[in-house]
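These notes are about the structure you will find just below.
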Amino acid sequence: MANPQLLIDQLKLLVGTPDSYGTEEQRHEIKRLGRLASNVLEAPFETMQRLPLPLVAARIGQDCHVFSTLAAGQDSVDLDTISQASGLEPRILESIMDYLCNQGMAVQAESHRYLLTPMSRLLLLPLFGDAVTHFVRSHDNCLPGFTALHRALKEPRDSTLTAFQLGQHTDEDFYTWMETHPTNQAAFHRFMKAQFASLPTWLDVLDFKTELGCDAEATDVMFVDVGGGNGSQCAGLRRAWPDMTGKMILQDKPQVLERALQVEGVEKMGHDFVREQPVKNARAYYFRQIMHNYDDDVCITILKAHIGAMGNHSVILIDDKVLPDAKPPPRCARGRVHGCSQSGHEGNV
Ligand SMILES: C[S@@+](CC[C@H](N)C(=O)[O-])C[C@H]1O[C@@H](n2cnc3c(N)ncnc32)[C@H](O)[C@@H]1O
């Protein structure tokens with residue numbers, strides 16, 4: 001039988017010095033067991049209440065200036081100050097603060113006085129602002145799709161309606177919809193760029209110059225970033241190989257390209273990737289975070305649209321989330337696997 005007081009004392013020590021606690025493996029196991037412990041200890045009604053609300057609470061904390069007001073305080077900040085900054089009535093705000101404290105997004109230092117926590121500090125960073133915007137912004141980005149998923153799953157098998165379309169009451173797909181929602185679109189692309197910024201990239205596992213760049217002529221197209229978003233990977237390749245001979249092309253929807261980075265030597269080209277690839281004989285056609293958005297048949301359509309463009313030296317590079325068929329152990333679930341596949345000119349990937 002676990003000794004509750006011993007466990008509480010140990011957890012307090014851990015919370016005080018999280019970084020120096022145990023090995024990476026042990027920290028992972030503690031996180032996993034901590035979540036399990038929380039799940040088994042909470043009452044069923046607590047579980048039901050917990051499920052949908054943390055993202056919503058994070059959004060309120062950001063949008064109503066709760067976190068920024070806590071960050072601006074030298075010490076703990078009182079409820080009235082937060083109320084003035086947020087425009088929320090103290091009575092309502094107090095309930096919200098209770099929930100934020102419960103979720104680790106604030107701490108009640110003393111009665112009606114609050115402090116920022118490491119989590120709410122994170123939520124103030126631009127990247128995590130964008131992350132919450134992408135997932136939950138005014139409930140009009142991903143969240144309505146999540147909440148419609150149960151209905152989408154009951155659609156007839158041949159239905160092409162997605163949960164996003166059902167949730168948003170729109171006929172448009174996510175990317176088309178974003179064209180008329182520029183704030184959401186900008187947050188999405190910043191998030192795309194930043195979410196993997198601290199992880200190794202495809203350029204850490206592929207020596208582009210040695211493997212694909214030999215004998216390049218100035219007229220050769222070296223790299224086509226298909227659905228390349230804001231062009232961060234073209235910029236990365238330029239940094240990795242500053243004096244690259246040959247051209248780079250960034251393809252995406254025209255409206256996305258208007259806001260893309262200006263990278264020296266990169267040509268922007270509006271192109272729909274389900275249509276025939278107009279750039280022929282490129283050394284590499286690169287797809288980052290594209291395939292996981294689609295069912296197999298659309299992925300096949302996208303790949304087939306490239307077969308006719310591929311020459312003897314062309315390859316397709318797919319940089320995406322890859323999961324093994326067997327359920328991965330929990331600690332691998334967050335990792336990203338780089339799948340860089342070389343194809344023949346038949347276009348097999
Ligand atoms: C998940 S984002 C990935 C962006 C970029 N590759 C990255 O990794 O940062 C998907 C991209 O595909 C683009 N896209 C969606 N549908 C497209 C289409 N039919 N043709 C071309 N690009 C498309 C979107 O505008 C978006 O930039």
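Taking N as the number of residues in the chain, what is its alpha-carbon radius of gyration divided by 2.2 N^0.38 Å? Walk me through the numbers on the way to the answer.
Values: Rg = 24.2 Å, N = 349, 2.2 N^0.38 = 20.4 Å.
Dividing the Cα Rg of the chain by 2.2 N^0.38 Å gives 1.19.
A full extension of the chain between Leu36 and Cys214 corresponds to an added length of 58.8 nm, given 0.36 nm per residue minus the alpha carbon distance.
Each of Arg157, Arg27, Arg35 was scored by other Cβ atoms within 10 Å of its Cβ. Listed from fewest to most, they are Arg157, Arg35, Arg27. When DSSP beta bridges are restricted to pairs lying wholly in the chain, around 25% turn out antiparallel.
Rounded to the nearest 500, the helix-only mean residue ellipticity at 222 nm of the chain stands at -13500 deg cm²/dmol, with each DSSP H run of n ≥ 4 adding -39,500 (n - 2.57). Full extension of the chain between Val274 and Glu172 yields a length gain of 35.1 nm, computed as 0.36 nm times the residue separation minus the alpha carbon distance.
At most 15 other Cβ atoms within 10 Å and a DSSP loop assignment: could you name the chymotrypsin sites (Phe, Trp or Tyr not before Pro) in the stretch 216-315 that fit? Walk me through the numbers before you get to the answer.
On the way: sites: Phe223, Phe273, Tyr285, Tyr286, Phe287, Tyr294; in loops: Phe273, Tyr294.
Passing sites in the stretch 216-315 are Tyr294.
Exposure proxy ranking for Leu36, Leu124, based on other Cβ atoms within 10 angstrom of each Cβ and starting from the fewest, stands as Leu36, Leu124. Taking a straight line from the alpha carbon of Lys31, these aspartates and glutamates sit under 18 Å away, with near neighbours fewer than eight places off in the same chain left out: Asp9, Asp19, Glu42.
Mind running the shape call on the stretch 125-195? Use the C-alpha gyration tensor, a ≥ b ≥ c as the square roots of the eigenvalues: rounded below 1.5 for a/c, prolate if a/b tops b/c, oblate otherwise. In terms of gyration-tensor shape, prolate.
Summary value for the stretch 170-266: 26 percent relative contact order, contacts being C-alpha pairs under 8 angstrom separated by 6+ residues.
Once C-alpha pairs closer than 8 Å and six or more residues apart are averaged by separation and normalised to the residue number of the chain, the relative contact order reads 9 percent. Footprinting exposure proxy ranking of Cys234, Cys64, fewest other C-beta atoms within 10 angstrom first, gives Cys64, Cys234. Dipole of the chain (Lys/Arg Cβ +1, Asp/Glu Cβ -1, origin at the Cα centre): which of His313, Leu257, Pro144 lies farthest to the positive side? So the residue furthest toward the plus end is Pro144.
Thinking of the stretch 1-104 as a set of Cα atoms, what percent of all their pairs are more than 19 Å apart? Mind dumping the intermediate values first?
On the way: 3137 of 5356 pairs.
Percentage above 19 Å: 59.
A short reminder: the numbers here are calculations on the coordinates, not readings from a lab. Note that this is a predicted model, so its numbers are computed, not measured. Cβ sites come from the backbone with ideal geometry, for glycine too, and all protein chains shown count toward neighbours.
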